[in-house]
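J.: First, the structure itself, so that you have it in front of you.
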Amino acid sequence: MTMILILLFRNPLRKLVILGMNQLKQGKGPLVAKTVATTLVVVFTSVLHNALQIRKRLLDTGAVNSTDEILMADRVLEATLLGFSLFLALMIDRLHYYIKDLFLVRNDLEEVKRVNQLDYKDKRIPTEREEVKQLESDSRTRKSN
């Protein structure tokens, strides 16, 4: 949760976190992350399946068993924790992607602005030279008159 807050708002840690995540996403990092995410998804579906079996058993018997209630509460908490963790991991990954893309777009925009300024200066210099020559010729004609 703090990672998402760090990525959302500009602060001194944001650049450091982005650099760290860039390092994690290089080499074997993506493979490890996908493996962990797949394992969490499998465990999440298993927990959901167990919770549905307990619910079905409660509905079939019609009586409330205290052991089943405790197991159901435990499974629901486990599923909630796993689902929330997967959601946060997905949010962090997407935020990192969009911030990285935003940096690239900003750098490209600055480069285009710089090139446009250079082009404008290059185009402006010959016209200024012509203006200087025109003014010099005007001043010569005034001196001669």
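J.: I need the full set of residues from region 58-92 which are within 30 Å of Arg14 (Cβ to Cβ) and either over 17 Å from the mean Cα position of the chain (by Cα) or in contact (Cβ under 8 Å) with a residue 40 or more places away in the chain (or both), in order please. Even if it seems obvious, please write down each step before you answer.
T.: Initial filter on region 58-92 (within 30 Å of Arg14 (Cβ to Cβ)): 80-92.
The answer is Thr80, Leu81, Leu82, Gly83, Phe84, Ser85, Leu86, Leu88, Ala89, Met91, Ile92.
J.: Got a sec? Which of Thr80, Thr67 is of a type in the set (Ser, Thr, Tyr), assigned to a helix (DSSP H, G or I), over 20 Å from Met1 (Cα atoms) and open to solvent by 70 Å² or more (accessible area, probe 1.4 Å)?
T.: Working: Thr80 fails: over 20 Å from Met1 (Cα atoms).
Every option except Thr67 fails the conditions.
J.: From the list Phe87, Phe103, which residue is aromatic (Phe, Trp, Tyr) and exposed (fewer than 11 other Cβ atoms within 10 Å of the Cβ)?
T.: Details: Phe103 fails: exposed (fewer than 11 other Cβ atoms within 10 Å of the Cβ).
Checking each option against the conditions leaves just Phe87.
J.: Out of (1) open to solvent by 80 Å² or more (accessible area, probe 1.4 Å); (2) modelled with pLDDT of 90 or more; (3) of a type in the set (Phe, Trp, Tyr), the odd one out for Tyr120 is which?
T.: (2)
J.: Exactly one of (1) open to solvent by 50 Å² or more (accessible area, probe 1.4 Å); (2) part of a helix (DSSP H, G or I) is unmet by Gln26. Its number?
T.: Just one mismatch for Gln26, condition (2).
J.: Is at least one residue of region 4-11 in a helix (DSSP H, G or I), modelled with pLDDT of 85 or more and more than 29 Å from Tyr97 (Cα to Cα)?
T.: no
J.: OK, next. Restricting the search to region 12-40, which residues are small (Gly, Ala, Ser) and either in contact with a helix residue (DSSP H, G or I) (Cβ under 7 Å, 6 or more places away or on another chain) or modelled with pLDDT of 85 or more (or both)? Show your work before the answer.
T.: First, the residues of region 12-40 that are small (Gly, Ala, Ser): 20, 27, 29, 33, 37.
The answer is Gly20, Ala37.
J.: With the condition kept exactly as written, say whether any residue in region 37-46 is within 23 Å of the chain's Cα centre (by Cα), in contact (Cβ under 8 Å) with a residue 60 or more places away in the chain, closer than 22 Å to Met1 by Cβ and surrounded by 11 or more Cβ atoms within 10 Å (Cβ to Cβ).
T.: Scanning region 37-46, I find no residue that is within 23 Å of the chain's Cα centre (by Cα), in contact (Cβ under 8 Å) with a residue 60 or more places away in the chain, closer than 22 Å to Met1 by Cβ and surrounded by 11 or more Cβ atoms within 10 Å (Cβ to Cβ), so the answer is no.
The values are calculated or read from the model by the stated rules, or taken from the named source; none is laboratory data. None of these values were measured; they are calculated from a predicted model. Virtual Cβ from ideal backbone geometry, glycine too; neighbours counted across all protein chains shown. We work out accessible area using only protein heavy atoms, side chains counted, and drop any ligands, DNA or RNA first. Shrake-Rupley method; radii C 1.70, N 1.55, O 1.52, S 1.80 Å.
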